[in-house]
Amino acid sequence: MTTPGFRPTHVVPQHGMPAWESPDPARPTVPLDPLLPVQLLERRGDWAHVLCANDWSAWVDGRFLVAVPQDPPATGGPEARTADPRPLLARAEQTLAHYRTVVEELAGGGLDGESFRVRTRGLRIGIVVDGENVWLYDTQHGRWVYGDGKRLSTYAADDEPRAAAADPGHAPTQVVTPDGP
């Protein structure tokens, strides 16, 4: 039975995950099932306190939770285009080229350690390529995205879930009873 008002913000990774009664590795509990929808309640460093649909809660390693994407667009509206991976790939390529240049200067003796730290401060990229699949870190939006060569979709986000918007873009569901007017 699902708790009224339960709205998942994340799902458990496809292989499940260990869980704890409190943010303490000495207090393990029953592991969470693969792809179980959960709602993030609280974060403490890497620990995440999650609520399951049956009102059971546990602490998990929040770094491995998969963020649930926002609701799909309401029907009848224009179809949203998916992100083109090329601009994000170009930014990652530029950042890597800048980092490589600074590493060459450091290795060649043209920079000291402090200058190297100053010149690389704030640089951040992440890329995993596995055949036709790619995972890219989008620094502008603080999220990992997955791509298949044509389009990108959010895979995991850095920040905590935001409160639901006041207008979800569609009319609320109405409960109709058989005896109703």
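The values are calculated or read from the model by the stated rules, or taken from the named source; none is laboratory data. Just so you know, these numbers come straight off a predicted model, no measurement behind them. Here the Cβ positions follow ideal geometry from the backbone for every residue, glycine too, while neighbour counts run over all protein chains shown. Side chains are part of the model used for accessible areas, which takes the heavy atoms of the whole protein and leaves out ligands, DNA and RNA. Shrake-Rupley method; radii C 1.70, N 1.55, O 1.52, S 1.80 Å.
Enumerate the amide H contacts of residue 19 below 5 Å, restricted to partners 5 or more residues apart or on another chain; note that Pro and chain-start residues carry no placed amide H.
Here 29, 32 satisfy the definition.
In Å, what is the Rg of the alpha-carbon atoms in the stretch 17-71, and how long is Dmax?
Just the Cα atoms of the stretch 17-71 yield Rg and Dmax of 10.6, 37 Å.
Could you list the chymotrypsin sites (Phe, Trp or Tyr not before Pro) in the stretch 24-68 that lie in coil according to DSSP, counting only those with at most 16 other Cβ atoms within 10 Å of their Cβ?
Hits after loop and neighbour filter: 56.
In what sequence, largest accessible area first, do 98, 10 appear using a 1.4 Å probe? Let's see the in-between values first.
Values: 98 75, 10 10 Å².
Greatest to least solvent exposure: 98, 10.
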